[in-house]
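First the structure, in the form of structure tokens, and then the observations on it.
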Amino acid sequence: MKRLLLFLLVSLYSQLSLAELQMERDANNRLLLSHESCDELIKNTKVLDQWTKNSHEKKSCPVNFQSPVQKNNRCSYDVTDCLPDHVIKYGGVSPKYNGPNCWNLALVMKNILPALRHTTNEEMAFYMSSPLCRQIKNGEPKIPGDVGAIRKTSGVDQGEYHGFIYISDNLVYSKNGLAKENPYMILSTNIMMDVYTVPKDPKCRKNEMDPSANCDFSTSYFRCMSMEEYLAKQNTPKEIMTAIRDVDNFDKCLESTTLSDQPLSKRAEKNLFDSLNVISNYLYDETEKAKGSDLEDPKQIFMLASLNLKLNAIAMQLGGDNKVGYGTAVQGFSEHIKALTEELKGKK
């Protein structure tokens with residue numbers, strides 16, 4: 001069996017239950033979780049199972065959940081069906097290129113973004129304060145699958161610093177940084193907090209940031225709906241919906257390039273630019289119309305702002321070490337759409 005040394009990191013100074021938790025793949029590519037204590041194993045497996053259920057995936061731990069296998073003084077359990085599909089596919093995997101990062105993973109896991117690639121701190125901040133997400137109040141229980149944010153709260157460059165998926169008070173799912181060497185992994189909450197220098201003071205680790213606390217870095221937690229859930233409640237013009245679908249489809253193609261170096265097809269490139277031309281012309285026409293344009297609706301403005309941020313982040317991924325050569329062109333579309341959106345917002 002090949003142990004995933006980077007898949008489940010453990011803290012040398014944290015409690016024993018985490019220090020003895022191990023995950024590995026067997027010859028059939030099944031994921032096995034083990035611990036010296038059967039009780040601790042069951043407790044952690046329950047949390048992983050609840051995370052999967054909260055992710056609306058149609059699978060769960062088998063009925064023998066309470067009966068782990070005991071071998072060599074360890075209790076072991078096959079947790080493949082207890083984990084979200086993303087973890088099964090990408091746990092322990094590193095991207096082929098730099099770019100995919102913590103904010104992107106958090107937004108992809110909540111089905112707000114469609115694919116793994118670079119995400120800007122502006123994109124993360126935008127969605128956390130959008131209609132898709134709500135702040136979890138202090139004293140309100142967090143549930144597996146909530147989004148965690150670490151924010152710099154003093155000095156220069158205040159704002160988004162790290163994003164992750166909360167599993168339990170002991171475990172998180174994270175992609176630390178944009179370096180291609182860093183894999184997607186489940187790891188100890190304490191390790192992550194130490195890596196991102198969040199003080200151990202409980203005031204710095206609340207659901208909501210405490211402005212009165214003396215914290216250079218603080219946590220915030222959010223509960224989010226998917227973009228699909230949000231769009232199902234809206235009446236978005238077909239031109240915008242078409243652009244969103246085409247950009248999302250390109251995003252998924254770009255993921256294959258970024259994660260495994262599969263070349264982008266000429267068709268995918270053409271579809272992206274055709275769609276961006278359509279939405280640009282549509283927005284230009286709308287700015288020339290009467291003041292009663294439907295795009296004065298804040299919900300429509302939100303979708304346009306979302307599209308602009310996606311394009312900006314895609315351009316940064318394309319302009320990195322992917323070297324596909326047209327990040328600047330996509331950036332130009334992003335700036336054009338942003339300018340037209342700002343003009344629409346300024347209508348009286």
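The values are calculated or read from the model by the stated rules, or taken from the named source; none is laboratory data. Note that the coordinates shown come from a computational prediction; the quantities given were computed from them, not determined experimentally. Glycine gets a Cβ as well: all are built from the backbone with ideal geometry, and neighbour counts include every protein chain shown. Ligands, DNA and RNA are excluded from the accessible area calculation, which covers all protein heavy atoms including side chains. Shrake-Rupley method; radii C 1.70, N 1.55, O 1.52, S 1.80 Å.
Using a 7 Å offset from the Cα along the Cα-to-Cβ direction at both residue 241 and residue 212, what is the distance between the two label points in nm, to one decimal?
So the label points at residue 241 and residue 212 sit 4.9 nm apart.
Under a plain spin-label model, where a point goes 7 Å from the Cα along Cα-to-Cβ, how far apart in nm are residue 39 and residue 266?
According to this spin-label approximation, the distance is 6.6 nm.
May I ask you to list the residues of the stretch 240-272 whose amide nitrogen lies under 14 Å from a point 7 Å from Cα along the Cα→beta-carbon direction of residue 329?
Output list for this probe position: 264-272.
Could you state the accessible area per residue of the stretch 144-232 in Å², with a 1.4 Å probe and every protein chain left in place?
40
Within the stretch 162-202, what residues put their amide N at less than 20 Å from the label point 7 Å along the Cα-to-Cβ vector of residue 60?
Residues 167-168 fall inside that zone.
Charges on Cβ only, +1 for Lys and Arg, -1 for Asp and Glu, centred on the Cα centroid of the stretch 11-162; of 161, 66, 107, which one is farthest towards the dipole's positive end?
Checked the options; the winner is 107.
Apply 1/(1 + (r/R0)^6) to the Cβ-Cβ distance of residue 278 and residue 71, taking R0 = 45 Å, and write down the FRET efficiency to the nearest 0.05. If you can, show how the numbers build up before the last one.
Details: r = 60 Å, r/R0 = 1.33.
Calculated transfer efficiency: 0.15.
Hey, what's the Kirkwood Rh for the stretch 226-327 if you take every pair of different alpha carbons, in angstrom?
It works out to 14.8 Å.
Carbon and sulfur atoms: what percent of the 1.4 Å accessible area of the chain do they account for?
Carbon and sulfur: 51 percent of the exposed surface of the chain.
What residue among 222, 273, 250 shows peak mean-square fluctuation when the chain is described by a Gaussian network model with Cα springs under 10 Å?
Maximum among the listed residues: 273.
To test your reading of the geometry: what angle, between 0 and 90 degrees and rounded to tens, separates the Cα axis of helix 266-288 from the longest principal axis of the chain?
Value to nearest ten degrees: 50.
How large is the convex hull of the C-alpha atoms of the chain per residue, in Å³?
Residue-normalised Cα hull volume stands at 156 Å³.
Semi-axes of the stretch 53-111's equivalent ellipsoid from the Cα gyration tensor, sqrt of 5 times each eigenvalue, largest first, rounded to whole Å?
Values: eigenvalues 167, 54, 12 Å².
Listed largest to smallest, the semi-axes of the stretch 53-111 are 29, 17, 8 Å.
Restricting attention to the stretch 105-198, which trypsin sites (Lys or Arg not before Pro) occupy a DSSP loop and are surrounded by at most 13 other Cβ atoms within 10 Å?
137
Relative to the compact globular guide of 2.2 N^0.38 Å, what is the alpha carbon radius of gyration of the stretch 33-87, as a ratio?
Against the empirical 2.2 N^0.38 Å value, I get 1.10 for the stretch 33-87.
Order of 79-88, 21-30 by packing, highest average Cβ count within 10 Å first?
Packing order, densest peptide first, comes out as 79-88, 21-30.
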